[in-house]
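S.K.: Pasting a structure here, questions to come.
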Amino acid sequence: MHEMSLSQSMVEIIQEQAAVNGFQHVTVVRLEIGALSCVEPAALSFCFDSVTRGTVAEGATLDIIKVPGRAWCWVCSRVVDIEGHGDPCPDCSGYQMQTRTGNEMKIKELEVA
Amino acid sequence: MCTTCGCGTDEVKITSGQQPQRAHVHHHHHHDDHQVHAHDSEARLLQVEQDLLRKNNDYAAANRHFFSQRGVFVVNLMSSPGSGKTTLLVNTVGAQKTRYPIAVVEGDQQTSHDAERIRSAGVPGVQINTGKGCHLDAHMVGHALEQLPIENDSVLFIENVGNLVCPAAFDLGETRKVVVMSVTEGEDKPLKYPDMFAVSDLMLINKIDLLPHLNFDTNRCIDYARRVNPEIEILQLSALSGDGCDAWWAWLSSGLDTARTMRKAAAGDQTA
Ligand SMILES: Nc1nc2c(ncn2[C@@H]2O[C@H](COP(=O)(O)OP(=O)(O)O)[C@@H](O)[C@H]2O)c(=O)[nH]1
Ligand SMILES: [Mg+2]
Ligand SMILES: [Zn+2]
Ligand SMILES: [Zn+2]
């Protein structure tokens, strides 16, 4: 359950932001999560709810923006979208794929008051 | 207790049976500038753009710098519990410790059995107990390094917590990630845990001494691993009998050669 340490990182980032930007309360945390990042959104929400108790982010909504993974297909010689590591090319169904992006996990923005 | 970063060590425990040897390798990063978009007193939107693994990645970069200055070849060993990581390390230490200096960081949720096995094999070993934590992170490894003598031009093994999911996401500052799977696990492991096989540089198929008693399809396993990661290197061995270990040791020696060469190049030292 590394969703727990990810949630703790989120709280740390939010607390740093609160110290710099002086807000009292976060209502929405908008995350960008790559399809290949092996994060379980349900587990992340659950952990986030528990680690934010008593912090400025208590009760905040997690808004997860899923970013597709992208991989180079050696057969088609172009970049295609994939949902997971080890998925075949959506065009040629081959497995000669090299992952390019899709591992991102970041806080994009906060709605604060 | 950490005075540099004030980190709480409530759950994580690091034991070596020795005194700390030096200050730890924390990287003190600057906080990025923050942009405030709206100045509405009611509600506002803050652009943050911060990676959730930023802290871990900063610590990993500090560890990596520490290793490269010393010419250390660092292997992060990952697998399910029981695939044979510690057995392989004990056997490797026994066979290779006269050829180059070796040190080991052992990660487990509980107990220091594995570090004790390493120390009885004759090299320094530090145990990190992660408690409920299911993976090592770069910060814990940085602290473990304080308690471990790390020689120039040496090999450091980091045995991660037995888990094929979470350790894949955490860079420790290692040179290479190695995933171990044993022939008792079923050849579709690479498809069931694709992230782990996608990030690994080398897959070791262990316990091949048991093959005659099983119907493990080695070629299919290799095919699955290559689907997930076309570039992965693959070796087959038995940590128990030693079969196939020569190729593994050659892989280690070649990694160490590169680390040593890069240290000398960086130091401007051309002597052998
Ligand atoms: N038959 C056989 N058993 C092995 C081999 N390598 C490890 N084992 C056994 O597998 C069990 C788990 O090994 P261990 O090294 O503790 O696994 P770890 O959890 O990955 O560190 C032990 O009972 C070992 O003796 C091998 O190559 N062949
Ligand atoms: Mg072990
Ligand atoms: Zn294709
Ligand atoms: Zn610390």
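Taken together, the values in this text are just the output of simple stated rules run on the coordinates, not laboratory data. Values in this document were obtained by computation on a predicted structure and should not be read as measured data. Ideal geometry is used to build each Cβ from the backbone, glycine not excepted, and the neighbour counts take in all protein chains shown.
S.K.: What is the pair-distance distribution P(r) of segment B:84-125, computed from all Cα-Cα distances in 10 Å bins starting at 0, with each bin given as a whole percent?
M.R.: Final binned percentages: 31, 58, 10, 0.
S.K.: For labels at B:ASN219 and A:THR61 in the simple 7 Å Cα→Cβ model, what's the distance in nm?
M.R.: Spacing of the two 7 Å Cα→Cβ label points: 5.5 nm.
S.K.: Shape verdict for segment B:38-266, please, from the Cα gyration tensor: rounded (a/c under 1.5), prolate (a/b greater than b/c) or oblate.
M.R.: Oblate.
S.K.: Counting other C-beta atoms within 10 Å, and keeping those with at most 15, which DSSP coil GluC sites (Glu not before Pro) do you find in segment A:42-113?
M.R.: Filter output for segment A:42-113: A:GLU58, A:GLU83.
S.K.: Taking the alpha-carbon centroid of each part, what is the distance from segment A:58-113 to segment B:198-272 in angstrom?
M.R.: Value for the Cα centre distance between the two parts: 28 Å.
S.K.: Summarise the partner chain shielding of B:50-60 as one whole number: the mean count of Cβ atoms from other chains within 10 Å of each residue's Cβ.
M.R.: 5
S.K.: Which net charge results for the neighbourhood of A:GLY59, defined as the other residues with beta-carbon distances under 15 angstrom from its beta-carbon, given Lys and Arg at +1 and Asp and Glu at -1?
M.R.: It works out to a net charge of -3.
S.K.: Which FRET efficiency, nearest 0.05, do B:SER120 and B:ARG44 yield, Cβ-Cβ r, R0 51 Å?
M.R.: For R0 = 51 Å, the calculated efficiency reads 0.30.
S.K.: Name all residues of segment A:52-70 having a backbone nitrogen under 14 Å from the label point set 7 Å from the Cα of A:HIS25 along its Cα→Cβ direction, giving them as ranges.
M.R.: Hits in segment A:52-70 for A:HIS25 at 14 Å: A:54-61.
S.K.: Expected output is a single nm value to one decimal: the length gained when fully extending between A:ASP49 and A:GLN96, i.e. 0.36 nm times separation in residues minus the C-alpha distance. What is it?
M.R.: Stretched out fully, the A:ASP49 to A:GLN96 stretch lengthens by 12.9 nm.
S.K.: Determine, from the Cβ-Cβ distance of B:ALA265 and B:LYS97 and an R0 of 41 Å, the FRET efficiency 1/(1 + (r/R0)^6), rounded to the nearest 0.05.
M.R.: 0.95
S.K.: Rounded, prolate or oblate: which fits the protein assembly as shown, taking a ≥ b ≥ c as square roots of the Cα gyration tensor eigenvalues, rounded meaning a/c under 1.5, else prolate when a/b beats b/c?
M.R.: Oblate shape, in that a/c is at least 1.5 and b/c is the bigger or equal ratio.
S.K.: Let me ask something else about it. Sorting check: for A:64-70, A:27-33, which peptide has the highest mean count of neighbouring beta carbons within 10 Å, and how do the rest follow? Intermediate results must be reported in sequence, preceding the final value.
M.R.: Working: A:64-70: 15.7, A:27-33: 19.6.
Answer by packing, highest mean first, reads A:27-33, A:64-70.
S.K.: Another question, if that's okay. Sticking with the crude label model, points 7 Å out along Cα→Cβ, report the distance from B:ILE234 to B:GLN69 in nm, one decimal please.
M.R.: Reported label-point gap for B:ILE234 and B:GLN69 is 4.1 nm.
S.K.: Under 18 Å from a point placed 7 Å out from the Cα of A:ARG70 along the Cα-to-Cβ direction: which residues of segment A:85-113 have their backbone N that close?
M.R.: Taking a point 7 Å out along Cα→Cβ of A:ARG70, the residues of segment A:85-113 whose backbone N falls under 18 Å are A:85-87, A:89-91, A:97-106.
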